[in-house]
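The values are calculated or read from the model by the stated rules, or taken from the named source; none is laboratory data. Please read all numbers here as calculations on a predicted model, not as lab measurements. When we count neighbours, we look across all protein chains shown, and the Cβ atoms used for this are built from the backbone with ideal geometry, even at glycine. Surface areas here come from the heavy atoms of the whole protein model, side chains and all, with no ligands, DNA or RNA. Shrake-Rupley method; radii C 1.70, N 1.55, O 1.52, S 1.80 Å.
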Amino acid sequence: MTDIRRTLLWVVFTMSLVLLWDAWNKHTGQPSIFGPQTAKPVAAGSAPAASAIGVPAPSSSAAAAPAGSVPNDPGTAAARGEQITVTTDRVKAVLDSQGGELVYLELLGQRDQNDHSRNVVLFDRSAQRVYLAQTGLISAVPGARLPNHFTAMTAVPGARTLADGANDVQVRFESQAIDGVKLVKTYTFQRGQYTVGVQHDVVNGSAQPIKPELYLQLVRDGNPPPGESAFYSTFTGPAAYTEKSKFRKIEFKHIEKNDAEYERQADNGWIAMVQHYFASAWLVNTQQPREFRAEKVGNNLYSVAMVLPLGEVAAGQTKTQQATLFAGPQEENKLAELAPGLDLVKDYGWFHILSKPLFWLLTQLHGFLGNWGWAIVALVVLLKIAFYWLNASAYRSMAKMKAINPKIQEMRERLKDKPQQMQQEMMRIYREEKVNPLGSCLPIFLQMPFFIALYWVLLSSVEMRDAPWILWITDLSAKDPYFILPIVMTATSLFQVWLNPTPPDPMQAKMMWIMPLVFSVMFFFFPAGLVLYWITNNLLTIAQQWFINKRLGV
């Protein structure tokens, strides 16, 4: 039994070292030992992947596309039409007159984590990144031609900057007529909002009725956001939501394999592109039929689309469809107000049911204390109070184990050549002293989901970005620039090991000291808010354990 434990400990230790080395390689820009993790090139100027999308190139956008197919083109690096720049108090956006697509979006006031002199850029169309919002018309009728996001449009003259005292600024695009059908697209940017109202007017100037379908689409490359940490993983990719299937993340690798699982047809729901701290989403909150699609549209380029049938538009008539584009930070309370389930783009992992109430409590504490750092400390204190009796039971068990440890060590030395008798004698000592060697494990195991849930709350909450705590900690979402907090965390972890009973097996005893050092390496690159959470937890654990040890005279 001892040999098995020793072997398992060595396996855990070795794998920890391997994973740490791999994470360090990725952090320093070296290839992963498990496979290349560097950013893949984005398709730029290449020919469309006809097998994936089966649509014409931009130069022939007026040609008939296969019935019901959403036009896509991986050659997105170059500007194609007039670039219209719109500025509000929240965003700086660039719209392309070819198709009226949104090709650039800068979030004013949201600083880039890698370069604090710049703002976060969400949408972009460059040689390095592709992330776009597109809309247009398709038809289920074979051979029918309708305006799409490749169609040349004309921007109606008007204001491009949100004026003082104004609540919104509008940009209106009118497409050229294709077989008598025009698409008028009106963007409305509002003061203080990360949402953009997009109105689509389908004008049927032909002599025949038409049955158009409106697609709302997000296109993105498959690379993680710039500066993403190699020491922890967050989801990047498309997502879809319906009342029936709820929130579904759609991984790029499943789009590649064409085996992504999400609901294809519904009369409600939305689509989104998700990354750490930020998201974009097309929202249509009226109850009407819609289809969801996720496809690979080029080399390292993916799309998620929502297609809405608009019904028949008679000759000489106009059909209007409203939609909302959200593109901004994942502020949970605000997202929940925009659409059902939109707050789920904030990734809490497996412990979502626990993370939401913990985040609610954290925001209440922040409202009272006015500082996110102290709110983290207060929340950990409240959790420790809630689990006081569970922890006390575990620490009493540890203290008893520490008290009988000299007797165990003497017995192991005396019977070291008789392993079977050693095990029997050890169990006898445990029975006589009324000590359960597993008594310290169950209480800790029961509360671990709560602390893991809190970990995800702190990792996922955009509110931590640029949030100061004290002195040198000016951003709880960034690593400690002087590594003071990780050093304190390492010291407190080692002090906890000293307070715990020494394992009977010398190899286990050594591993107890080595493992905190190994895992502390990662915390040197973790956000300061996460490290503060662990330090607070460690200090409260030490205080409670020390108090119980003193009471029991250990």
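Conditions (1) out of contact with any Lys or Arg (no Cβ under 9 Å at 6 or more places or on another chain); (2) part of a helix (DSSP H, G or I); (3) modelled with pLDDT of 80 or more, marked per residue:
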residue: Ser493; (1), (2), (3): yes, yes, yes
residue: Pro501; (1), (2), (3): no, no, no
residue: Pro504; (1), (2), (3): no, no, no
residue: Lys510; (1), (2), (3): yes, yes, no
residue: Ile514; (1), (2), (3): yes, yes, no
residue: Leu517; (1), (2), (3): yes, yes, no
residue: Asn538; (1), (2), (3): yes, yes, yes
residue: Gln545; (1), (2), (3): yes, yes, no
residue: Ile548; (1), (2), (3): no, yes, no
### Summary
Per the filter on the range 186-213, residues touching a Pro at 6+ places or on another chain (Cβ under 9 Å) and closer than 30 Å to Leu108 by Cα are Tyr194
### Message
Given the criteria at pLDDT 80 or above and out of contact with any His (no Cβ under 9 Å at 6 or more places or on another chain), does Arg80 qualify?
### Response
no
### Query
Is the range 322-333 home to any residue that is of a type in the set (Phe, Trp, Tyr) and modelled with pLDDT under 95?
no
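Please pick out the residue among Pro238, Pro289 that is out of contact with any Cys (no Cβ under 8 Å at 6 or more places or on another chain) and surrounded by 23 or more Cβ atoms within 10 Å (Cβ to Cβ).
Just one listed residue meets the conditions, Pro238.
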## Note on the structure
Selection over the range 292-309 where residues are open to solvent by 10 Å² or more (accessible area, probe 1.4 Å) and within 20 Å of Gln199 (Cα to Cα) yields a count of 1
## Note on the structure
When the range 293-346 is checked residue by residue, the ones that are free of Cβ contacts under 8 Å to residues at least 12 places away in the same chain and β-branched (Val, Ile, Thr) are none
## Note on the structure
All conditions in (1) among the hydrophobic types (A, V, I, L, M, F, W, C); (2) part of a helix (DSSP H, G or I); (3) at pLDDT below 85 are true of Val488 except (3)
### Query
Hey, does the range 253-264 have a residue that's more than 23 Å from the chain's Cα centre (by Cα) and buried (at least 17 other Cβ atoms within 10 Å of the Cβ)?
no
#### Entry: Residue match in the range 233-251 (condition: within 26 Å of Thr320 (Cα to Cα) and more than 20 Å from the chain's Cα centre (by Cα))
yes
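If only one of Lys244, Lys249 is surrounded by 16 or more Cβ atoms within 10 Å (Cβ to Cβ) and among the basic types (Lys, Arg), which one is it?
Lys249
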### Task
Name the residue, out of Arg118, Arg111, Arg145, Arg90, that is within 29 Å of Asp480 (Cα to Cα), more than 21 Å from the chain's Cα centre (by Cα) and touching a residue at least 60 places away in the same chain (Cβ under 8 Å).
Arg90
### Query
Residues in the range 452-464: is at least one in a loop (DSSP other than H, G, I, E, B) and of a type in the set (D, E, K, R)?
no
### Query
Which condition breaks for Asp475 when tested against (1) open to solvent by 60 Å² or more (accessible area, probe 1.4 Å); (2) within 22 Å of the chain's Cα centre (by Cα); (3) at pLDDT 85 or above?
(1)
### Query
From the list Thr188, Thr161, Thr195, Thr151, which one is closer than 26 Å to Ser126 by Cα and without any contact (Cβ under 8 Å) to a residue 40 or more places away in the chain?
Thr188
### Task
Scan Thr186, Thr195, Thr154 and give me the residue that is closer than 27 Å to Thr236 by Cβ and among the β-branched types (Val, Ile, Thr).
Thr195
### Task
Scan the range 409-439 residue by residue and report those that are within 27 Å of Thr541 (Cβ to Cβ), modelled with pLDDT under 70 and either of a type outside the set (A, V, I, L, M) or open to solvent by less than 90 Å² (accessible area, probe 1.4 Å) (or both).
Tyr430, Glu433, Lys434, Val435, Asn436, Pro437, Gly439
### Task
Count, please, the residues in the range 489-500 that happen to be open to solvent by 60 Å² or more (accessible area, probe 1.4 Å) and either in contact with a Pro (Cβ under 9 Å, 6 or more places away or on another chain) or touching a residue at least 24 places away in the same chain (Cβ under 8 Å) (or both).
1
### Query
Going through the range 322-342 one residue at a time, which ones are open to solvent by 20 Å² or more (accessible area, probe 1.4 Å) and either of a type outside the set (Ser, Thr, Tyr) or within 18 Å of the chain's Cα centre (by Cα) (or both)?
Gln322, Glu331, Asn333, Lys334, Ala336, Glu337, Leu338, Pro340
